[in-house]
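The values are calculated or read from the model by the stated rules, or taken from the named source; none is laboratory data. Keep in mind the model is a prediction, meaning the values are calculated, not measured. Methodologically, a virtual Cβ is constructed for each residue, glycine included, from the backbone with ideal geometry; neighbour enumeration extends over all protein chains shown.
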Amino acid sequence: MKIGKVIHPAVAGNQKIAHECNVLPQDQDCNWDPILLEVMNNTKPTKSGAHYCSYEGTGNLTIFFTGNSFALRQLAAVKTALKSMYKKLYYVARPACLTFEFFNIGYEKYWQCDELMNSTAKFLEKIKPDVLMISQKVSGNDQFKGRVNSIEVNDTTVVKLREYFQIWSPFVKKIYHIQPHPTLWVNPATSMARELANGASIERHFLTLGAVESRVGPGWWRIKSAMRSCPKCTPIEMNEAFVEDNKFFYHDRNTKLSYFCDNGHLSPFGANKMIPILRKVISEDFKGTI
């Protein structure tokens with residue numbers, strides 16, 4: 001009897017990850033929080049992927065989680081990580097649009113970022129959360145690109161970021177910015193599914209740490225530099241969760257499942273790598289109050 005080729009289970013797993021990249025739970029479970037809507041003149045966004053939601057937890061904190069398409073893909077992991085710590089999590093996100101709204105000027109009208117100008121401060125003033133947590137891609141914005149050669153105090157982007165942290169700080173106890181992950185040249189989920197189906201090794205699917213630094217370093221440096229003058233601000237280093245043997249892997253080397261659902265966003269499997277880090281940071285900073 002001829003025995004057929006055995007297909008690795010990660011083939012179907014990675015195909016599923018890629019297929020469901022744009023399937024967002026908040027499209028179904030967003031309650032369109034009335035407090036958030038009030039800030040936005042009771043107008044829901046028409047742009048797909050844009051939400052103003054809130055979720056109940058079992059803890060004591062109030063958290064405001066915001067960002068662009070990075071936050072969209074990471075919301076489920078943030079909820080899982082912190083549900084026992086928050087009593088309510090507010091969530092506002094929109095693809096492409098930066099929480100640092102000034103830097104959205106000039107973006108294509110397609111993204112509707114202009115609707116959000118100065119909205120973060122308004123949301124924070126309204127709900128006065130314990131925590132502001134931000135996750136966003138900044139590397140696509142020219143003001144966050146390029147090596148910094150000037151003294152940081154003179155870097156115009158850093159100066160503007162400091163202004164935002166100063167504006168937001170009176171309304172919160174802590175401000176966190178999650179380190180942006182790199183974007184890739186390929187969709188690893190589909191590439192690895194194809195290679196595994198052909199019996200090939202996928203160990204080549206990684207970035208060198210130098211490549212990671214070149215892609216996310218300039219923007220992350222500016223954010224951290226601005227945070228140094230903000231007593232309530234803490235950057236959350238996240239990329240270390242994906243590093244093994246001094247390489248940033250796109251996939252779990254045991255299960256062969258992709259950490260990315262496309263070339264620019266974490267899969268649910270990848271976002272779950274954030275959970276222990278988020279729990280550790282928040283539990284240490286709010287010890288005795290959650």
In segment 1-22, the residues that are at pLDDT 95 or above and β-branched (V, I, T): V11, I17
Segment 159-187, residues that are assigned to a helix (DSSP H, G or I) and either among the hydrophobic types (A, V, I, L, M, F, W, C) or farther than 26 Å from P235 by Cα (or both): V159, L161, F165, I167, W168, F171
Meets criteria (surrounded by fewer than 18 Cβ atoms within 10 Å (Cβ to Cβ), under 27 Å from E163 (Cβ atoms) and touching a residue at least 12 places away in the same chain (Cβ under 8 Å)) for D285: yes
Selection count where residues are in a strand (DSSP E or B), crowded, with 20+ Cβ neighbours inside 10 Å and in contact with a helix residue (DSSP H, G or I) (Cβ under 7 Å, 6 or more places away or on another chain), scope segment 188-245: 1
Selection within segment 246-290 - assigned to a loop (DSSP other than H, G, I, E, B), of a type in the set (A, V, I, L, M) and modelled with pLDDT of 95 or more: L257
Total residues in segment 31-48, condition within 18 Å of the chain's Cα centre (by Cα) and under 15 Å from F65 (Cα atoms): 0
Top-ranked residue of segment 168-211 - restricted to ones that are among the β-branched types (V, I, T) and closer than 18 Å to V281 by Cβ, ranked as farthest from the chain's Cα centre (by Cα): V172
